[in-house]
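Here's the structure we're looking at; comments come further down.
The values are calculated or read from the model by the stated rules, or taken from the named source; none is laboratory data. No experiment lies behind these values; they were computed from the predicted model shown. Neighbour counts run over all protein chains shown; Cβ positions are idealised from the backbone, glycine included. Protein only, heavy atoms only, side chains kept; ligands, DNA and RNA dropped before computing areas. Shrake-Rupley method; radii C 1.70, N 1.55, O 1.52, S 1.80 Å.
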Amino acid sequence: MATLSIPPVLTTPRDDAIHLYKAFKGFGCDKAAVINILAHRDATQRALIQQEYRTMYSEDLTKRLAKELSGKLEKAILLWMYDPAGRDAILVRQALSADSIDLRAATEVICSRTPSQIVHFKQLYHSMNGIYLEHDIELHASGDHKKLLLAYVTTVRYEGPEVDRASVDHDAKSLYKAGEKKLGTDEKTFVRIFSERSRAHLAAVSSAYHSMYSRKLKKAVKSETSGLFEFALLTILQCAENPATYFAKELHKAMKGLGTNDTTLIRIVVTRTEIDMQYIKAEYQKKHKKSLNDAVHSETSGDYRTFLLSLLGPGH
């Protein structure tokens, strides 16, 4: 479901590689040229440009970009150069590295991806790092949060739209008994249901819960759990119901108040551009009566702003 509105590219990957090489030559890098080429190429085109560049100049394009660029622009463009699965593997590895541990970022990426996306990025995680994703989760996460993440990355979940009504009602009752009905919380039940059920099933459980108990399942998760465990459950639940709404909300959080969380802004804009950005933009507009483009424009500046806005595409 690629929603990146890429105009037809009239240049070949070889032409693009030559233009990039020219942009690097001379005094200072022509960042506008770099952005103009790379922001408007899809994952396949970017891979071909990198191949051509290596063939012609015996140099790795990403290494050259790292030399020529700096700061937030460098971070965003280098992340963009990968395909979606490679990018997820890199983001999660960075978030689970001892020197820059960011369990919230790792949780967001893992719990918002579909089962097939997880399988794909887990393979790359291992081939890039020589270590299994489960090993790093085991090392850095703890408690119920760790149990949920491990279950989520190892369980095979169904990806189709069909759900079994009886099983949905049974899960809604089990979650009520495990949470709001009792003193304390039976976290095991939450881990089991949230890690084993399909998105369509969980969305149905959420609406069954609401009609049975006149309470939102989301509210129950919030009152029964806390911290990263709560964040993981909410991410799974909201992405089961509507991933675009979830990401619009996370983007708003990253930009509201004083200062901007650029790490989150880069991560979400770059990773969702080729997946569901048009839907995220629509949800953002609906909820905040302001376009995502305008929000990003007011929170960023310079070449970094130009690059993110190029990925977002036209404002309307």
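Is there any pair with a first residue in the range 255-273 that is closer than 17 Å to Ala244 by Cα and a second that is open to solvent by 10 Å² or more (accessible area, probe 1.4 Å) and aliphatic (A, V, I, L, M) whose Cβ atoms are under 6 Å apart and which are 6 or more apart or on different chains, and what are they? Going by the 6 Å Cβ cut-off, the qualifying pairs are Val270/Leu79; Thr273/Leu4.
Restricting the range 124-152 to residues that are in contact with a Phe, Trp or Tyr (Cβ under 6 Å, 6 or more places away or on another chain) and surrounded by 17 or more Cβ atoms within 10 Å (Cβ to Cβ), the residue that is nearest to Asn261 (Cα to Cα) is His145. How about the range 38-54: which of its residues are under 18 Å from Leu309 (Cα atoms) and surrounded by 20 or more Cβ atoms within 10 Å (Cβ to Cβ)? Leu38, Ala39, Arg41, listed by residue number.
Go through Met81, Met56, Met128 for me and flag whichever is of a type in the set (A, V, I, L, M) and more than 22 Å from the chain's Cα centre (by Cα). Talk me through it step by step, then tell me what you get.
Details: Met81 fails: more than 22 Å from the chain's Cα centre (by Cα); Met128 fails: more than 22 Å from the chain's Cα centre (by Cα).
Going through Met81, Met56, Met128 in turn, just one is of a type in the set (A, V, I, L, M) and more than 22 Å from the chain's Cα centre (by Cα): Met56.
Please indicate, with yes or no, whether at least one residue in the range 86-96 is buried (at least 16 other Cβ atoms within 10 Å of the Cβ), free of Cβ contacts under 8 Å to residues at least 24 places away in the same chain and assigned to a helix (DSSP H, G or I). Yes. Within the range 235-253, residues that are within 19 Å of Ser198 (Cα to Cα) reach partners that are open to solvent by less than 10 Å² (accessible area, probe 1.4 Å) and of a type in the set (Val, Ile, Thr) with beta carbons closer than 8 Å, at six or more positions or on different chains, in the pairs Thr235/Thr107; Leu237/Val221; Ala244/Ile280; Tyr246/Thr235. Assessment of the range 153-175 against the conditions (part of a helix (DSSP H, G or I), modelled with pLDDT of 95 or more, open to solvent by less than 60 Å² (accessible area, probe 1.4 Å) and closer than 27 Å to Asp102 by Cβ) yields at least one matching residue. A search for C-beta distances below 7 Å between a residue of the range 171-195 that is of a type outside the set (Lys, Arg) and any residue that is assigned to a loop (DSSP other than H, G, I, E, B) and open to solvent by 60 Å² or more (accessible area, probe 1.4 Å), counting only pairs 6+ apart in sequence or on different chains, returns Glu180/Arg215.
Would you please name the residue that is most open to solvent (accessible area, probe 1.4 Å), looking only at residues in the range 106-123 that are out of contact with any Phe, Trp or Tyr (no Cβ under 9 Å at 6 or more places or on another chain) and in a helix (DSSP H, G or I)?
Only one residue tops the list, namely Gln123.
Please work out if Leu234 is over 25 Å from the mean Cα position of the chain (by Cα) and surrounded by fewer than 21 Cβ atoms within 10 Å (Cβ to Cβ). Spelling it out, it is not the case that Leu234 is over 25 Å from the mean Cα position of the chain (by Cα) and surrounded by fewer than 21 Cβ atoms within 10 Å (Cβ to Cβ).
Condition check: open to solvent by 40 Å² or more (accessible area, probe 1.4 Å) and under 25 Å from Ala43 (Cα atoms). Does Asp294 satisfy that?
Numbers: open to solvent by 40 Å² or more (accessible area, probe 1.4 Å): yes; under 25 Å from Ala43 (Cα atoms): no.
Considered against the rule, which asks whether it is open to solvent by 40 Å² or more (accessible area, probe 1.4 Å) and under 25 Å from Ala43 (Cα atoms), Asp294 comes out as no.
Take the range 115-166 and flag every residue that is polar (S, T, N, Q) and either within 25 Å of Tyr82 (Cα to Cα) or without any contact (Cβ under 8 Å) to a residue 24 or more places away in the chain (or both). Don't jump to the end; show me each part of the working.
Step one: list which residues in the range 115-166 are polar (S, T, N, Q), which gives 116-117, 123, 127, 129, 142, 154-155.
Correct list: Ser116, Gln117, Gln123, Ser127, Asn129, Ser142, Thr154.
Just checking, does the range 68-76 include any residue being under 21 Å from Arg272 (Cα atoms), within 26 Å of the chain's Cα centre (by Cα) and without any contact (Cβ under 8 Å) to a residue 40 or more places away in the chain? Yes: the range 68-76 contains one or more residues that are under 21 Å from Arg272 (Cα atoms), within 26 Å of the chain's Cα centre (by Cα) and without any contact (Cβ under 8 Å) to a residue 40 or more places away in the chain. Checked against (1) modelled with pLDDT under 95; (2) surrounded by 15 or more Cβ atoms within 10 Å (Cβ to Cβ), Lys182 meets all criteria but (2). With respect to being open to solvent by 10 Å² or more (accessible area, probe 1.4 Å) and of a type in the set (Ser, Thr, Tyr), Tyr279 fits the description.
When the range 263-276 is examined, which residues are found to be open to solvent by less than 30 Å² (accessible area, probe 1.4 Å), assigned to a helix (DSSP H, G or I) and not aliphatic (A, V, I, L, M)?
Correct list: Thr264, Arg267, Thr271, Arg272.
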